[in-house]
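Coordinate-derived values only; no laboratory data. None of the values given here were measured: they were computed from a predicted structure. Note: ideal-geometry Cβ built from the backbone for every residue, glycine included; neighbour counts use all protein chains shown.
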């Protein structure tokens, strides 16, 4: 039985249109490009135990984007009068990118909002003065989402490494004290109920006067685990009605991500933030080229987006 199961697993997520069982694979049309993500580069000050994008101090498979490259896509949004209102920055650690402040200034000067994902550690500390000045000039346009894997320091450090809790908490407290709009991203990897996780984070936030409502699923996002080798069902066209879900609720209905591969001549646009290394999800070099529907042909499409109900933008 185990050998049969392994064979069936290998057959999954191969054909972009048909599942291993011969059923029509689900796809998602781009309803509107509401959020454009930029992966600023995969270099990070941490090497987390289960980082889906394998960020580390040595992983530069995705190179640093430049402010000029970001401007190319912001210009395309303006020319096409696209309905984009939110620009997301992820990594790696975005505050390690030397152009991050220039990128944010360009976003804000165009009247757009930004969401930056960070571990709030030393790279952010180095740009604190510039960040304060920028947000004084452009108030209410920036949200910073800090990754805190668990409210228990020991469990957090199991994932992120020794001596990571104190500097992350310090960064979170500094952001709160200086009036930044804050969200927090935790993870559902301990088997605890969502209610107990939210209660634990609520106690942490209250103890340090951090103005994040832990029971608001936008302010505290609890992400499902992404394990590409774990057996998950393929999503068929019939799943929408079976699961009582709409394709319009899936992340790729409203978002795309720009990356620049190491040694590549130019950035490319991907279907979403989760599939940075899979060439099947490269959609072109422009936003216009990336407007085609996305076939849900990856385990993360099932485990994170459809069945997990998660989105990086919300």
Sort the chain into rounded, prolate or oblate with this rule: let a ≥ b ≥ c be the square roots of the eigenvalues of the Cα gyration tensor; rounded if a/c is under 1.5, and if a/c is not under 1.5, prolate when a/b is larger than b/c, oblate otherwise.
oblate
Expressed in nanometres to one decimal, the distance between label points 7 Å along Cα→Cβ at residue 21 and residue 178 is 5.2
Max mean-square fluctuation residue, GNM over the chain, Cα-Cα springs under 10 Å, options 188, 14, 61
14
Taking just the alpha-carbon atoms of region 135-231, what radius of gyration and Dmax come out, in angstrom?
14.1, 49
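Quickly estimate the mean residue ellipticity at 222 nm for the chain, helices only: each DSSP H run with n ≥ 4 gives -39500 (n - 2.57), and the total goes over all residues, rounded to 500.
Values: 9 runs with 88 residues, N = 314.
Counting only the DSSP helices, I get -8000 deg cm²/dmol.
From the C-alpha gyration tensor of region 119-183, pull out the three semi-axes of the equivalent ellipsoid (sqrt of 5λ each), sorted largest to smallest, in whole Å.
Values: eigenvalues 119, 27, 13 Å².
Result for region 119-183: semi-axes of 24, 12, 8 Å.
Count the DSSP beta bridges whose two residues both fall in the chain, then state the antiparallel fraction as a percent rounded to the nearest 5. If you can, show how the numbers build up before the last one.
Values: 9 of 38 bridges.
Bridges in the chain that DSSP calls antiparallel: roughly 25 percent.
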Residue with peak Gaussian network fluctuation, the chain [Cα springs, cutoff 10 Å], from 192, 202, 290
192
